[in-house]
Amino acid sequence: MDIDRPADLTAALQALEQVPDATLLAGGTDLMVEVNFGHRRPEHIIALRRVEELAELNGTIGSGVTWARLEGGPYKALAQAARTVGSPQIRAAGTIGGNLGTASPAGDGLPFLAALDATIELRSASRARRLPIDEFITGVKRTAIEPGELIHSVILPEEIPERQEFGKVGMRNAMVISTVMACVMRYDDGRTRVALGSVATTPLRARRAEEMISAQATPSEADLTEFQRLVSEEVRPITDHRSTESYRRHASGVLARRLLERCLS
Ligand SMILES: Cc1cc2nc3c(=O)[nH]c(=O)nc-3n(C[C@H](O)[C@H](O)[C@H](O)COP(=O)(O)OP(=O)(O)OC[C@H]3O[C@@H](n4cnc5c(N)ncnc54)[C@H](O)[C@@H]3O)c2cc1C
């Protein structure tokens, strides 16, 4: 196995240009599990750890920013999500770019990005291009990255509501892959966003629930109940070893309602 350790972005992109199907390694907390289980046998690895430009957190979120940094970062719901990822060791190594690269339905960073309609910037030696997150993640562990490209950064919109909450339901409180997770945001003018994970092949926005509750300046108990019902109706979960379809559907509505109540309080 060949390993390149470029020292900067230009060198990383040049290395990728020479071997466009090289495997990118950030924190390794997903990739090395795959390698250890024999599911992947990369022949050529490009390790991004030394590329400082990818670790910038300054208006945009560099793909190499770790969960440990996001825990104390400026985005409340993303910090809440970061605190639930793995253990301190995983959070010290794992990155938002790796979460996007894996594109698991259970990726804890993804509902926050979906709620904000974040944009993903991809770079190759010859070009930069930007994709909305719902075009970037194309299916379970599938993305629109092309050979020769890497995830450079995440670009968030200028307007980000202060009222934002993330929550996760799992079998236990720590070191758990979620059964359901959600991120709810409420803008000052009432616009509300709700994005959920682990309930569809890709992060899911509950658009009908958003539309209904956004129209309520001061949601009543009945509005909250309807919001909960709509979220439960809109998700598209499956039954697997972590949970049943019906429990995920129920938990989605309850979790989204609780997060909305926190945004409103
Ligand atoms: C014990 C344990 C607990 C975990 N708990 C959680 C959890 O609670 N929540 C959660 O969401 N995840 C969890 N994970 C999964 C993992 O930690 C996260 O998905 C993490 O964000 C992956 O980041 P990384 O930097 O380690 O990625 P890596 O393993 O380095 O890479 C992951 C994938 O992304 C690709 N990639 C990495 N960087 C780039 C880039 N810049 N451009 C293009 N592709 C790239 C890699 O080629 C690879 O395919 C856990 C993992 C372990 C081992």
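Scanning region 47-66 for residues that are within 8 Å of the ligand (Cβ to nearest atom) and touching a residue at least 40 places away in the same chain (Cβ under 8 Å) gives Leu48, Leu54, Ser63. Residues in region 190-232 that are among the β-branched types (Val, Ile, Thr) and touching a Phe, Trp or Tyr at 6+ places or on another chain (Cβ under 6 Å): Ile213 alone. Asp188 meets each of the listed conditions (1) charged (D, E, K, R); (2) part of a helix (DSSP H, G or I); (3) out of contact with any strand residue (DSSP E or B) (no Cβ under 7 Å at 6 or more places or on another chain) apart from (2). Within region 199-208, can one find any residue that is closer than 29 Å to Ala103 by Cβ, surrounded by fewer than 21 Cβ atoms within 10 Å (Cβ to Cβ) and either aromatic (Phe, Trp, Tyr) or free of Cβ contacts under 8 Å to residues at least 40 places away in the same chain (or both)? The answer is yes, given that some residue of region 199-208 is closer than 29 Å to Ala103 by Cβ, surrounded by fewer than 21 Cβ atoms within 10 Å (Cβ to Cβ) and either aromatic (Phe, Trp, Tyr) or free of Cβ contacts under 8 Å to residues at least 40 places away in the same chain (or both). Tell me which residues, restricted to region 29-43, are surrounded by 15 or more Cβ atoms within 10 Å (Cβ to Cβ) and more than 9 Å from the ligand (Cβ to nearest atom). If the condition is that a residue be surrounded by 15 or more Cβ atoms within 10 Å (Cβ to Cβ) and more than 9 Å from the ligand (Cβ to nearest atom), then Val35 is the only one that fits. The set of residues in region 63-83 that are of a type in the set (Ser, Thr, Tyr) and crowded, with 20+ Cβ neighbours inside 10 Å comprises Ser63, Thr66. Per this entry, Leu54 is not counted among residues that are assigned to a helix (DSSP H, G or I) and closer than 25 Å to Pro161 by Cβ. Among all residues of region 47-62, there is at least one that is within 26 Å of Ala256 (Cα to Cα), crowded, with 18+ Cβ neighbours inside 10 Å, assigned by TED's automatic domain parsing to the domain that holds Lys141 and touching a Leu at 6+ places or on another chain (Cβ under 8 Å).
Residue check: Val85 meets all listed conditions (1) among the β-branched types (Val, Ile, Thr); (2) touching a Gly at 6+ places or on another chain (Cβ under 8 Å); (3) over 30 Å from Gly170 (Cβ atoms) but one, namely (3).
The values are calculated or read from the model by the stated rules, or taken from the named source; none is laboratory data. All figures in this text were calculated on a predicted structure; none of them were measured in a lab. Note that each Cβ is placed from the backbone with ideal geometry, even for glycine, and that neighbours are counted across all protein chains shown.
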